[in-house]
Structures are given as C-alpha cells and as structure tokens.
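One structure below.
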Amino acid sequence: MKMGLLKNNRKGGIILNENILEMRKISKVFPGVKALDNVDFTVKKGEVHCLVGANGAGKSTLMKILSGAYTEDSGEIFFNGKVLKSHGIQERKKAGISIIYQELSLFNELTVAENVYVNNYPKTAGGAVDWNRMYEDTQKLADSLNIKINARAKISSLNIGQRQLTEIMKALACEAKLIVMDEPSSTLSQSEFEILVKVIKDLKEKGITIIYISHHLEELFIVGNRITVLKDGKFVVCKEVNELNENTLVEYMTGIKISQIETEEKENHRVSEEVVLELKNMCNYKVSNINLTLHKGEVIGLYGLVGSGRTEILQSLFGIEVATSGEIRIKGKKVKIKNTQDAISYGIGLAPENRKTQGLVLMLPVWENMSMVAISKFKEGGRIKYKSINKECQKYKEKLDVKTPSIQTVTQNLSGGNQQKVILAKWLMKDCDILLLDEPTQGIDVIAKEEIYKLVREMTSKGKSVIVVSSELQELLRICDNIHVMYDGKQIMCSNKSNFNSDHILHASVVGRIG
C-alpha cells in the first residue's frame with residue numbers, strides 16, 4: 001500500500017491517509033527477551049495519542065526505536081508520508097520527531113533560551129551566535145503558547161513545571177511535528193498539570209501531534225483522543241478515549257477483571273471491633289485536634305490537598321514530628337512517641353512518600369533493605385545468622401513476588417513497584433501491627449498497583465491495620481473502610497465505605513467544609 005493512500009471510500013473514490021506515523025510489524029529482541037513482537041502503532045496527525053502498558057510492556061523500547069536511539073530488528077516506520085530509513089536521534093529530530101523523557105535534559109546554569117536552542121543557535125551573517133534573535137524568538141515562542149517564562153531566566157531558577165514547558169519549547173524550536181511526552185506529569189503539582197493540559201491543547205490547535213505516556217490513567221481521559229495498549233511486547237488494542245473507562249483499560253493492560261476483584265474484596269473483607277490505635281485531639285506543628293480510631297483489620301484513608309496535614313499525622317505516629325498535645329493510644333494504652341524507635345517498639349511501620357530517599361538505602365542489596373529493621377531477630381550470641389536472613393528474605397521475595405534476579409541485587413536496580421514491595425517486606429518481617437502508607441503507589445504502573453492493593457488486603461485479613469495517605473481519591477475509595485478528609489491542618493469530614501461519595505469528599509478537600 002502506498003503511503004498517502006489509505007482505503008476506498010463508500011463512493012469508490014480514494015481518501016487521503018490521515019496518519020502522520022505508522023510503525024508496522026516492529027520487533028526488537030534483547031538477549032533473552034523479546035521486547036517487541038510485531039507491534040503495529042498508528043498515530044493520526046494533530047491528535048494526542050496515549051500509549052500505555054505496565055513496566056516491561058514495550059512502550060519505552062517502541063519510543064526509543066521511533067527516536068532513533070534503538071534500531072528495530074524488523075518492521076517499517078512511515079512518518080509524514082515517507083519511510084524512515086536513517087537512524088540516530090539527530091536524524092529523527094531533523095525529520096520532525098522529538099522525545100521529552102521523564103528525566104529532563106536541561107542545563108541548569110544556562111538560560112531558558114540557551115536551552116531551547118542548544119546545538120541549534122541562530123547565527124548572524126558573520127557566523128556568530130545571534131543572541132538577541134535567540135532571546136526574542138524564545139520569548140515569542142513562550143508567549144504564543146501562553147507560557148509565563150522569561151527567556152533570560154536560568155533553568156535553576158524555574159520550578160519543575162516550567163522546566164517541563166521549556167523542554168516542550170526546545171522540541172518546537174527544532175520544528176518538531178510529533179512530540180513524545182514520557183510521564184510528563186510525574187513530578188507536577190495539580191496547578192502545573194493544568195498548565196500542561198492547556199499547552200497540549202494549544203499544540204493540538206497548531207497541528208502538532210503528541211504521543212502521551214503516563215501511569216496516571218485518569219490523565220489519559222483528560223488529554224487523549226485515542227489510547228493504544230501494549231502488553232508483554234505485543235499490541236493489544238487501540239480505541240477512542242470515549243470507548244474506554246479506567247476499569248476496561250486496566251483489564252486490557254493486565255488481563256484482570258477489576259469488577260470481579262472489587263466484588264471479592266467486598267465479600268471477603270471484615271473489620272474487627274478491637275481498637276488498635278486511637279488519636280484524641282492530637283496536635284503537632286501542622287495539624288490540630290485530630291481524632292481517629294483504627295480497628296484491627298481496618299484500612300483508613302487520609303485525603304486532602306498537598307499541604308493539608310495528611311503526611312504530618314503519619315509523622316507524629318512514627319515519631320518523626322512529636323505530637324505537642326492530645327493523646328495517642330495503642331491498644332488502649334496511652335503512649336508518648338518521641339522518636340521512630342518508640343514507634344517501631346509499639347508495632348508501627350512507615351512506608352514514606354519518597355521511597356528512594358526515606359524508605360530505602362538504594363545502594364544496599366535487597367536482603368539488607370528487607371532485614372534492617374528486624375535484624376535483632378537474626379542475632380544469636382552477639383552474632384548475625386546470615387543463613388536465616390537469607391532464608392527469610394527469600395521467603396518474602398517469593399511471597400510478595402518481588403521481581404529481582406536475586407536478593408543480592410542492588411535495590412536501586414529494581415522498578416518503583418518492586419522497591420515499594422521491598423519496603424513492605426521490611427515491615428512484614430518486623431511483624432508490625434500498624435502500617436502507615438504515604439502515597440504507596442506513586443509512580444508505579446497499574447499492575448504493580450494491583451499487587452500493592454492485594455498485599456494490603458492480605459495484611460488486613462491477617463489482623464494488621466493500615467492508614468493510607470494518597471492523592472488519588474479513586475485509590476482510597478477502592479481500598480479503604482473509612483476516609484478522613486483534611487484541609488489546612490484540620491479534619492473536615494469522615495466518610496464510611498457504606499456511604500462514600502467522591503463529589504462530597506473532593507468538595508470538602510478543596511473548600512474546607514462539608515456541603
């Protein structure tokens with residue numbers, strides 16, 4: 001079939017091909033792994049096409065082949081009506097393809113304009129860099145997209161949202177016709193994400209095509225026109241956004257029927273009347289008069305905007321920020337938690353928001369991270385029983401399905417979801433009764449999320465109790481028995497699973513009152 005001709009119309013005539021990109025029967029094999037298996041991927045000109053799949057589905061490999069960083073083993077790529085034969089990142093950029101990776105490639109000590117035109121500086125007739133034109137063109141580009149950035153500002157002075165937008169301008173300065181955005185919202189606040197959405201809309205109006213990759217499924221329905229799903233290196237489905245919802249999308253990505261899981265959860269989950277934790281008018285530097293009762297086998301959710309005091313409640317329970325007044329009771333006994341060692345001695349564990357800097361020692365192997373809190377149980381006569389540690393860590397590796405070549409693997413080399421499992425293993429090994437989870441599924445794919453939810457269910461079925469902080473309301477609605485809403489350091493409302501109402505919860509979190 002010739003590029004530029006797609007199919008006969010109903011009247012027997014020919015209609016033009018609307019596709020700017022066609023990747024046909026793309027395969028790629030790495031040693032021992034077939035990363036892509038005859039994948040077809042088609043993108044229409046001027047659309048936002050979302051590409052999704054779990055870790056290892058083949059998204060990154062497909063995009064690296066598109067960018068020229070990898071060479072396909074077989075298959076063909078057509079872009080803008082022509083076969084792409086030359087490889088290499090610079091060649092693909094010249095063709096009009098630009099990729100913005102999750103790890104931004106900006107020079108902090110250079111200005112916005114210098115970054116936008118890096119390796120592409122405009123020149124004067126004499127061959128010198130035309131600095132005035134560079135700054136003027138950058139400012140015009142920013143203004144045309146309604147981006148409030150000073151072209152002369154250093155990158156180091158910008159927030160993360162502005163840096164993300166600088167990357168977009170950098171792509172446009174290279175006259176990109178297609179921009180791939182890889183997890184563009186992973187570090188953005190809600191307000192920064194809203195600016196990104198507006199910029200994407202402006203780009204579409206200018207005829208720029210976007211491939212959007214994100215683990216946050218709700219975003220796809222905000223920005224996308226169509227969604228392609230990959231699974232285990234194979235094409236699964238491509239559908240219009242309005243033909244899908246989050247549950248059906250997850251089912252395509254995982255093969256798991258979410259509706260069936262949720263029904264099983266409701267039927268099997270039981271909460272005891274035994275109280276394991278009670279807060280009475282607890283205050284710290286951020287929150288005031290917090291009242292909360294946690295039962296054996298219960299999952300309580302803390303919801304609110306960033307800065308509302310959710311994390312600070314967990315910090316006082318774990319001894320990071322000492323409560324200034326009020327009471328904390330563990331199994332009916334009033335306690336004073338002065339430090340993290342006190343919290344651990346009372347059977348409390350914390351999986352913190354930033355697992356890489358607060359929850360793990362990344363340069364240590366998996367077994368050391370798993371066993372570091374429970375190390376005392378492996379001591380005998382002042383000596384550490386390494387065989388026992390190895391056996392116990394191997395047990396939790398298998399039980400939690402931690403995907404790692406071995407427990408000797410450096411933790412830094414694991415995916416985000418598997419790092420989170422290592423943290424959970426640490427507290428399960430310690431046999432803590434109360435687990436505090438702060439943003440437990442942040443930055444991990446949908447399959448890893450389901451595995452984390454499953455672990456939470458297993459823990460509560462064995463009598464453990466959990467408090468979860470999450471910015472994803474749907475997550476809390478899914479796994480929690482009760483949700484407490486926070487606003488500016490205060491409790492606004494408490495909602496029980498029997499009468500959860502997402503609109504009421506959202507409203508309370510934004511305006512700070514009920515109704």
Strands (runs of 3 or more DSSP E) enclosed by segment 324-381 - at least 2 residues per element that are polar (S, T, N, Q), in contact (Cβ under 8 Å) with a residue 12 or more places away in the chain and over 22 Å from THR441 (Cα atoms): none
Single residue of segment 218-232 satisfying the filter (of a type in the set (A, V, I, L, M) and within 18 Å of LYS198 (Cα to Cα)) that is surrounded by the fewest Cβ atoms within 10 Å (Cβ to Cβ): ILE222
Flag for GLY332 being surrounded by 15 or more Cβ atoms within 10 Å (Cβ to Cβ), in the same structural domain as ARG513 (by TED's automatic domain parsing) and either of a type in the set (Asp, Glu) or at pLDDT below 95 (or both): no
Index of the failed condition, ALA425 passing every other in (1) small (Gly, Ala, Ser); (2) more than 28 Å from LEU230 (Cα to Cα); (3) not in a helix (DSSP H, G or I): (3)
Of all residues making up segment 382-397, the number that are basic (Lys, Arg) and assigned to a helix (DSSP H, G or I): 4
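A quick yes/no check of all residues on (1) under 30 Å from VAL306 (Cβ atoms); (2) crowded, with 21+ Cβ neighbours inside 10 Å; (3) outside the structural domain of LYS64 (by TED's automatic domain parsing):
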position	(1), (2), (3)
ARG133	no, no, no
ASP137	no, no, no
LYS154	yes, no, no
LYS170	yes, yes, no
ILE179	yes, yes, no
Among the residues listed as LEU305, LEU292, the single one being out of contact with any helix residue (DSSP H, G or I) (no Cβ under 7 Å at 6 or more places or on another chain) and outside any helix (DSSP H, G or I): LEU292
Members of segment 494-514 that are within 16 Å of SER470 (Cα to Cα) and of a type in the set (A, V, I, L, M): ILE505, LEU506, ALA508, VAL510
Those residues of segment 89-108 which are in contact with a helix residue (DSSP H, G or I) (Cβ under 9 Å, 6 or more places away or on another chain), loosely packed, with under 14 Cβ neighbours inside 10 Å and modelled with pLDDT under 85, in sequence order: SER105
Failed condition for CYS494, given (1) part of a helix (DSSP H, G or I); (2) modelled with pLDDT of 90 or more; (3) surrounded by fewer than 16 Cβ atoms within 10 Å (Cβ to Cβ): (1)
Selection from segment 153-174 of residues that are over 24 Å from the mean Cα position of the chain (by Cα), part of a loop (DSSP other than H, G, I, E, B) and at pLDDT 85 or above: ALA153
Qualifying residue in segment 466-479 (condition: closer than 30 Å to SER376 by Cβ, in contact with a Cys (Cβ under 7 Å, 6 or more places away or on another chain) and surrounded by 20 or more Cβ atoms within 10 Å (Cβ to Cβ)): yes
Single match in MET459, MET486 (criterion: hydrophobic (A, V, I, L, M, F, W, C) and assigned to a strand (DSSP E or B)): MET486
Matching option when the condition is among the polar types (S, T, N, Q), within 31 Å of the chain's Cα centre (by Cα) and in a loop (DSSP other than H, G, I, E, B), among ASN115, ASN150, ASN120: ASN150
Only one of LEU428, LEU435 that is buried (at least 18 other Cβ atoms within 10 Å of the Cβ), within 23 Å of GLU278 (Cα to Cα) and touching a residue at least 40 places away in the same chain (Cβ under 8 Å): LEU435
Qualifying strands (runs of 3 or more DSSP E) (wholly inside segment 43-110; at least 3 residues being in contact (Cβ under 8 Å) with a residue 12 or more places away in the chain and farther than 26 Å from ILE447 by Cβ): 74-79
Residue within segment 124-136 that is modelled with pLDDT under 90 and in contact with a strand residue (DSSP E or B) (Cβ under 8 Å, 6 or more places away or on another chain) present: yes
Count of residues meeting criterion [closer than 14 Å to ILE168 by Cα, outside any helix (DSSP H, G or I) and aliphatic (A, V, I, L, M)] in segment 187-237: 3
Pairs where the first residue, in segment 181-195, is surrounded by 15 or more Cβ atoms within 10 Å (Cβ to Cβ) and the second is charged (D, E, K, R), C-beta under 7 Å, 6+ apart: SER185/GLU219
Check on GLU243, surrounded by fewer than 18 Cβ atoms within 10 Å (Cβ to Cβ) and under 20 Å from VAL180 (Cα atoms): no
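The values are calculated or read from the model by the stated rules, or taken from the named source; none is laboratory data. Here the structure is a predicted model, which means the values were calculated and not measured. Here Cβ is always computed from backbone atoms with ideal geometry, including for glycine, and neighbour counts include all displayed protein chains.
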